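Beneath this line is the structure, given in C-alpha cells, with notes to follow.
Just so it is clear, none of the values below were taken in a lab; they were calculated from the coordinates. Quick caveat, the model's predicted, so the values are computed rather than measured. Positions of Cβ are generated from backbone atoms using ideal geometry, with glycine treated the same way; all protein chains shown enter the neighbour counts.
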Amino acid sequence: MEGRGIENPVFEPPSPDAGRERQASSAKVDGGNPALSGEGPCGWGCFAPRALQVCNNPEGFLAMYSLLAIFQDTCQIPGTRSANFTCSASAMSSLSNYLYVFILGQLMLGVGGTPLYTLGTAFIDDSVAKHKSSLYIGIGYAMSLLGPAVGYVLGGQLLAIYIDIEIPESTKMDPDDPRWLGAWWIGFLVCFVAIWPLIIPFSCFPKYLPGTAKIQSEKISETHDDGSELLVETQNIGKSFKDFPVALLILVKNPVLMSLIAASTSEALVATGFATFLPKLIENQFGKTSSFSATLAGLVLIPAAALGQVVSGILVSKCKMDCKSIIKFMIATCSVALLLNTVFLFAKCGNEPFAGVSETYNGTGMLRNLTAPCNANCGCSRSMYYPVCGRDEVQYFSPCFAGCASLVINKMKKMYHNCSCIGKPEGQAGLEDLFYEAVSGKCPTQCKLLPLFLTFFFFTVVFTFMAVTPTTVAILRCVPDKQRSFALGVQLVFLRLLGTIPGPILFGVAIDNSCTLWDINDCNTKGACWVYDNERMAYLLMCISDCNKDSCVLCIQVLFAKSSRSSSQSWQYVCISLPQPVQSSHERIQK
C-alpha cells in the first residue's frame, strides 16, 4: 500500500460487506442490549412519566431542537440609533470600555450555541434512518432562520421604547429625536427567559433514542477510507483531550471533508455579506427608505433561505442520495445560483441627479462641492443631512443647501419655498408662493427594476441555501462516526473565521469604496456615507459574490472529477503520514 496511496470508496457504490462489518462491530460493542447502548425512556433517572414518552422519538427531539435554534438566533436583534456626542475625548472613552462587555457576551453566545449545531445535529443523524437524516436536518436548519426574523420584528418594536423605559421628565424626546436610544436590552432579556426553560425537556432525553442501535447497524459506512475509521475505533480516539491533535489531524487529512468545508465557507462569506448589506443595497439602488428596505430584505432572505434548506432536505431524502449523488446535486444548485447572481448586470439603477455631487447647482458651482454661489451665505452644515427634492427633480443635501428661506407644513408634508438654488420653470415667475419648490425626502427614483431584482435574488438565495443541508449530510457521511460532531465543529470554526466574520467586512469595504459623498460631522470626522455610486456598488458586490461562488463550484467539481476517475481507475491519493506512534499502532492493527 505504501507509495500508491489508499482508495477512496466514499465515491464508490456502498458495499454490503461494509454494512455487515458495521453491524458486527455494533453488536460486538453493544452486545445487542439496548440498555447498554444508552437507549432508554424519556425522564430523569427512575422518574419516567408515561406522558413524556410521546416525545421520546426523533420528532420530539427535532421540536426541541427547533425551539432552541429559534431563540438562540433571535441575539441577532437590530441595533438602535446612536446618540449625539460632543467632541470631548473623555465623553467618548467613557462608553468605549463597554465594547469588551459586548464582545464577551457574543463569545458566550457562540460557546453556548455551538453544541446545538454539532452534537444536536449528530444526535439527529444517529436517531433516524440514513435517507431521512437530510429531511430532519433541513427542517432544523430552516427553523433556525426564524430566529433572525423574530429578532428583526421584536427589535423593531423595542426601538420605539426608550432605553430607560421611562423618559426623564427633564427631557422631551420622541423616537424621531437624534438623541433617542431604543430599549435594545429587552430582547436579550426575553431570549434569556425563553431559553432557560428548554433545559428541562432537553435534560429528559436518554443518551440514545429508542431504536438507535438497530438504525445504526443497518447503515452502510461511506467514510473516507484512509484507515482513520479503524484507527478511531480501536484507539478510542476522542475520549480524552490529549487526543485532540490526532483527531484534528485525521479530519484535516480528509480531502473530501476539507473540500466540503472550503465550499461551504465560500458560500457563507457571500450569504452573511448580503444578509448584512442587502437593505443598504435596496435603499440606495432603488431609492427606498431604510425601514422599507430592511423589510423587503427580510421578506426575501428569510423565506428563501428556509425554502432552500427544506427543499434540498426533502430531495436528498426522497432520492436517497449517497455522497456521490449529493456532490452532483451541490454542483447543480451552486451553478444555478452563480448564473442567477448575474442579476446585478441588468437589474441595477443609475444615480438620480444630486446637486453638488453628480451635477452643478443649475449651472453654477463645482462637482463634489455642496457649496455654490446660491447658498454661500446660508452658513449650511454638512453634519445635518436632510435631503429634499426640488421641483426641478434634482436632489439637494438639505433645505439650507437648496437655499430655501421658508417652510410650510401641509398634511404632515414639509414644503419649502423661496429656494435660491432651485431653477424656476418658465412662465411661473412671481408665483413662488403658490407652488412649492422643494419637498422633504429623496427624489423618487425613475428606476422600476426592483421587482425584477427581488425575483432573481429570491431564487439566487434559494439555490444558494439548497447546498447547506446536503453539505452537512455529506460531512456526516465522510468522517468516522465518532468524529461527526468534531467535524461539524471544525466546519463551524472555518465558517466563522473565513466566512461569516470576513464576509460583512469585505462587503462593507466594497460598499464604502463606492461612496461619493461622506458625512463630515462637527468634530471634522468622517462618518457614514450619504451617497453611493450605484453602478460601482452593483459591480463590486457581483464581483465578490461571483468569485466566492466560483470557488465553491470549483471545490465541488474537483471532488466530482476525482469521483468520476475513481469509478474507472480506482482513484487513489497520496496519504500524509500520521505521527509515528499513531502510524505504528495502525500498522500493528492491520497486521
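Summary of values
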{"quantity": "Additional length obtainable on full extension of the chain from S440 to I505, 0.36 nm per residue less Cα span", "calculated": "20.1 nm"}
{"quantity": "Across K324/K482; K288/K348; K414/K442; K288/K413; K348/K413, pairs whose alpha-carbon gap is larger than 19 Å", "calculated": "K324/K482; K348/K413"}
{"quantity": "Residue among N351, L367, A294 farthest towards the positive dipole end of the range 291-405, charges placed on Cβ", "calculated": "A294"}
{"quantity": "Rounded Å value of the spacing that divides the Cα centres of the range 49-72 and the range 311-342", "calculated": "29 Å"}
{"quantity": "Label-point gap, in nm, between L249 and I520 - each point 7 angstrom along Cα→Cβ", "calculated": "5.9 nm"}
{"quantity": "Contour excess over end-to-end distance, with Cα ends at F494 and V101 and 0.36 nm allotted per residue", "calculated": "139.0 nm"}
{"quantity": "Among 243-250, 444-451, 135-142, the order from most to least packed when residues are scored by Cβ within 10 Å on average", "calculated": "135-142, 243-250, 444-451"}
{"quantity": "Karplus 3J(HN,Hα) series, Hz, for the range 357-370 with 6.51 cos²θ - 1.76 cosθ + 1.60 (x for Gly, Pro)", "calculated": "10, 9, 7, 7, 7, 6, x, 10, x, 10, 5, 6, 9, 6"}
{"quantity": "Relative contact order of the range 442-549, defined on C-alpha pairs under 8 angstrom at six or more residues apart (%)", "calculated": "15 percent"}
{"quantity": "Protection proxy ranking, peptides 528-541, 261-274, average beta carbon neighbours within 10 Å, highest first", "calculated": "261-274, 528-541"}
{"quantity": "Those chymotrypsin sites (Phe, Trp or Tyr not before Pro) in the range 317-395 that DSSP places in a loop and that have at most 16 other beta carbons within 10 Å", "calculated": "Y385"}
{"quantity": "From phi via Karplus (6.51, -1.76, 1.60), per-residue ³J(HN,Hα) for the range 385-391 in Hz, x at Gly/Pro", "calculated": "8, 9, x, 10, 10, x, 6"}
{"quantity": "Placed amide H near S406: partners under 5 Å, 5+ positions off or other chain", "calculated": "H417"}
{"quantity": "Cβ-derived FRET efficiency at R0 22 Å, S290 paired with K413, nearest 0.05", "calculated": "0.70"}
{"quantity": "Under 5 Å, built H, 5+ apart or other chain: amide partners of T516", "calculated": "V531, Y532, D533"}
